[in-house]
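The values are calculated or read from the model by the stated rules, or taken from the named source; none is laboratory data. The model shown is predicted, which means the values in this text are computed figures rather than measured ones. Backbone-built Cβ (ideal geometry, glycine too); neighbour counts: all protein chains shown.
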Amino acid sequence: DEMWQILASGKDVIQDFPADRFSGKGKSPYQYGAIPGVSEFDPLFFEISPREAESMDPRQRLLLQESWKALEDAGYGSAQIQKSKIGMFVGVEEGDYRLLLKEKSSITSNHNAVLSARLAYFLNLSGPNMAINTACSSGLVAVHQACQSIRQQECDTALAAGVNLLLTPQMFQGMSEAGMLSEDGKCFAFDKRANGMVPAEAVAVVVLKRLSQAKADKDPIYAVIKGSGINYDGKTNGITAPSGASQTKLLKSVYDQYQINPEDLEYIVTHGTGTKLGDPIEVNALYDAFKDYTKKQGYCALTSTKTNFGHALAASGLVSLISLVQAFRHETIPASLHFQEENEYIHWSGSPFYVNKESKAWPEKEEKRRLGGVSAFGMSGTNVHMVLESYPENRIGVQKPSPCYLLAFSAKTQESLQEKCKEMIVCLEKEKAKSLAEISFTLLEGRQHFAHRCAVVVQDKEDGIYVLQQMGSKEKLPNLFKGAVARDFTGQKAIEEYGQELLAQSFSQ
């Protein structure tokens, strides 16, 4: 939720490009949006040797970690992964890590195709697997292609991802020479001061599934993709110049194909790069599309996440999509920053649109669910637009009172196991923590299980916090069980029956 806190509080997290990545003398002249933990990785967890991990593009490492987290968030344990046909779709541009390597690396360490294949190989996934490069629209195109693959029954679950890192000043130098960078280090989307973009890093992953199947499987559902589409600009004033006509055609094709009334769209997370050319073309294309459906004025909010985080290039569309999902969940439209005076080339008068300058409430309505849109336009000329619908919070399983709950933890090392227990303490201390029945169900069914294990039987959250806090003590507690699995064996009928009894008490499906 750190991303949402930044959006909700209206923060601009752009910072100076770090000196240890800048080869020149003195302070770096560039600004960017950074993500933490780029150099952090546990190679042995993913069965990768430390030496190979050093030569691996950090984008591969981060994508492995975040994809694993996404599957856990979706409640996918070993059983769910084994019985599912899972596809992997990754939006990615060319990386620059190979420029930093003193020794030659293997092709598997820095090839984009392998970047998308790493997780599929590790988890033995069997669905489609592809790396997609359409420049800035890559991540959102990956989501669209994943949806199409699910519709075609090529897979029943898909991970769609986008990743971008800025490890050397090379890209900044090229963009600066082309006049693409903001001189102020800020993104002035829709503003008269718009003077260029601010590059950024990001890694984003979402798990997609057919709605009917997700409901049947009692999966956590955050939002529904009502429809999406892609097209290409064709011949414009230049191969990198956007086409307003193509963007308008795309928007209308999505609304018509999926029977979406633009009058119901209350919020659009735009591509919004803060450029003098791109912003007017995008907003005017929206106006040209909407005017064929509605005469309403000033009802649809526009924002750009690039004013907070910068332009994450291949991952930027997914950053926008996740921000829209978060807006649904928190019932709030965040502010678009650095907007003071309207860009004079944008047709604002009489249009359905306004720039949301301050965070505002966006509550769910009883009569119908909220609709929001998201767009991404690639420098390559490939455009993508999709419409999402809010989904009411769904609870896992049936909430029945129980005399006790089983909380089971496991990890590949004892240190990681202790960290998991500490994280659970923090989780239980939160005011809006999930019920113990939901937590128990997720730990048992929605997580993979490893050799180092710990289980506690508790009556309530306070009991759970106390028992987990005693993990490191020498005190023997009757409701705390821990140890390492030496080998699997069968024949212990009494143990099986006792385990089933605890399961039945912990949750009910």
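Annotations
- Filter result for Asn195 (in a strand (DSSP E or B) and either touching a residue at least 40 places away in the same chain (Cβ under 8 Å) or surrounded by fewer than 18 Cβ atoms within 10 Å (Cβ to Cβ) (or both)): no
- Elements of the type strands (runs of 3 or more DSSP E) sitting completely within the stretch 323-394 and holding at least 3 residues that are under 30 Å from Glu94 (Cβ atoms) and in contact with a His (Cβ under 7 Å, 6 or more places away or on another chain): these cover 371-377.
- Enumeration of residues in the stretch 198-215 that are small (Gly, Ala, Ser) and part of a strand (DSSP E or B): Ala200, Ala202, Ala204
Residue-by-condition table, conditions (1) surrounded by 24 or more Cβ atoms within 10 Å (Cβ to Cβ); (2) part of a helix (DSSP H, G or I); (3) out of contact with any strand residue (DSSP E or B) (no Cβ under 8 Å at 6 or more places or on another chain):
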{"position": "Glu282", "(1), (2), (3)": "yes, yes, no"}
{"position": "Asp288", "(1), (2), (3)": "no, yes, yes"}
{"position": "Asp292", "(1), (2), (3)": "no, no, yes"}
{"position": "Lys295", "(1), (2), (3)": "no, no, yes"}
{"position": "Gly298", "(1), (2), (3)": "no, no, no"}
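Residue-by-condition table, conditions (1) at pLDDT 95 or above; (2) more than 30 Å from Glu183 (Cβ to Cβ); (3) not assigned by TED's automatic domain parsing to the domain that holds Val143:
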{"site": "Asp16", "(1), (2), (3)": "no, no, yes"}
{"site": "Phe45", "(1), (2), (3)": "no, yes, no"}
{"site": "Glu52", "(1), (2), (3)": "no, yes, no"}
{"site": "Tyr76", "(1), (2), (3)": "no, yes, no"}
{"site": "Ile81", "(1), (2), (3)": "no, yes, no"}
{"site": "Gly87", "(1), (2), (3)": "yes, yes, no"}
{"site": "Glu94", "(1), (2), (3)": "no, no, no"}
{"site": "Tyr97", "(1), (2), (3)": "no, no, no"}
{"site": "Leu101", "(1), (2), (3)": "no, yes, no"}
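- Tabulated pairs, the stretch 76-93, first aromatic (Phe, Trp, Tyr), second at pLDDT below 95, C-beta under 9 angstrom, 6+ apart or interchain: Tyr76/Ser84; Tyr76/Asp219; Tyr76/Gly446; Tyr76/Arg447; Tyr76/Gln448; Phe89/Ser116
- Scanning the stretch 410-427 for residues that are over 24 Å from the mean Cα position of the chain (by Cα), part of a helix (DSSP H, G or I) and not polar (S, T, N, Q) yields Glu415, Leu417, Cys421, Lys422, Ile425.
- Subset tally (residues that are polar (S, T, N, Q) and either surrounded by fewer than 16 Cβ atoms within 10 Å (Cβ to Cβ) or modelled with pLDDT under 95 (or both)) for the stretch 361-408: 4
- Single unsatisfied condition, Ala146 versus (1) buried (at least 23 other Cβ atoms within 10 Å of the Cβ); (2) part of a loop (DSSP other than H, G, I, E, B): (2)
- Enumeration of residues in the stretch 149-174 that are in a helix (DSSP H, G or I), closer than 20 Å to Ser67 by Cα and among the aliphatic types (A, V, I, L, M): Ile150
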